[in-house]
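Worksheet: one structure, shown below.
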Amino acid sequence: MEKTFLMVKPDGVQRNLVGEMVSRFERKGFKLVGAKLMQMSDDMAKTHYDEHQDKPFYGELVEFITSGPVFAMVWEGENVIAIARDMMGKTNPLEAAPGTIRGDYGMTVGKNIIHGSDSPESAEKEINLFFQDNEIKTYSKQD
Ligand code: CMP
């Protein structure tokens, strides 16, 4: 079954939106198989965002994501990568549709509440960066 990596960013944690984020994906029907509140190190942030290292906002991005705890999650389900991206909405909250997470809660392109993997390759890389194998759980979900 497909898995994706989702992370409530420091702004989402500080605004008490962790429960709301978990609830949205649970109610959609996805299965939570890993989760932890954690502080990202500088090195980890740089690895996570290495594809953006040449962008002008890279320094700001690393500084923000390490500015406070994040809530890292692994979710499982059919087409979870693409559907979670749709539920998050466009990266820039100004362009994100109402009803999406960024449309409902995002304030700026940097402080946009949540990160989600954009492809199977990035999901695998990000899950392995944030989680040990024994932190991903297997159980039967009731529909
Ligand atoms: P995320 O999905 O975590 O992946 C890369 C992040 O870069 C993105 O969300 C945005 O928060 C951030 N980002 C994109 N464009 C800008 C920008 N112009 N200024 C600051 N941050 C940006």
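Tell me which residues, restricted to the stretch 57-92, are more than 19 Å from Gly110 (Cβ to Cβ) and either surrounded by fewer than 17 Cβ atoms within 10 Å (Cβ to Cβ) or without any contact (Cβ under 8 Å) to a residue 40 or more places away in the chain (or both).
Glu78, Asn79, Ala82, Asp86
Filter the stretch 62-89 down to residues that are within 14 Å of the chain's Cα centre (by Cα), hydrophobic (A, V, I, L, M, F, W, C) and farther than 15 Å from Phe5 by Cβ, then give me how many there are.
Going through the stretch 62-89 one residue at a time, the tally reaches 0.
Being within 13 Å of the ligand (Cβ to nearest atom) and either without any contact (Cβ under 8 Å) to a residue 60 or more places away in the chain or open to solvent by 40 Å² or more (accessible area, probe 1.4 Å) (or both) narrows it down to one of Met107, Met1, Met7, so name that one.
Of the residues listed, the single one that is within 13 Å of the ligand (Cβ to nearest atom) and either without any contact (Cβ under 8 Å) to a residue 60 or more places away in the chain or open to solvent by 40 Å² or more (accessible area, probe 1.4 Å) (or both) is Met107.
Quick one: in the stretch 40-56, which of the residues that are surrounded by 13 or more Cβ atoms within 10 Å (Cβ to Cβ) and either of a type in the set (A, V, I, L, M, F, W, C) or within 8 Å of the ligand (Cβ to nearest atom) (or both) is farthest from Ser122 (Cα to Cα)?
Ranking the qualifying residues of the stretch 40-56, first place goes to Met40.
What number of residues in the stretch 21-30 are in contact (Cβ under 8 Å) with a residue 12 or more places away in the chain and either more than 12 Å from Ala84 (Cβ to Cβ) or open to solvent by less than 30 Å² (accessible area, probe 1.4 Å) (or both)?
Number of matching residues: 4.
Which residues, counting only those in the stretch 112-143, are surrounded by 10 or more Cβ atoms within 10 Å (Cβ to Cβ), at pLDDT 95 or above, of a type outside the set (Val, Ile, Thr) and not in a helix (DSSP H, G or I)?
Asn112, His115, Gly116, Ser117, Asp118, Ser119, Phe131, Lys137
The values are calculated or read from the model by the stated rules, or taken from the named source; none is laboratory data. Note that the coordinates shown come from a computational prediction; the quantities given were computed from them, not determined experimentally. Please note: Cβ atoms are built from the backbone with ideal geometry, for glycine as well, and neighbour counts cover all protein chains shown. These accessible areas exclude ligands, DNA and RNA; they are computed on the full protein's heavy atoms, side chains included. Shrake-Rupley method; radii C 1.70, N 1.55, O 1.52, S 1.80 Å.
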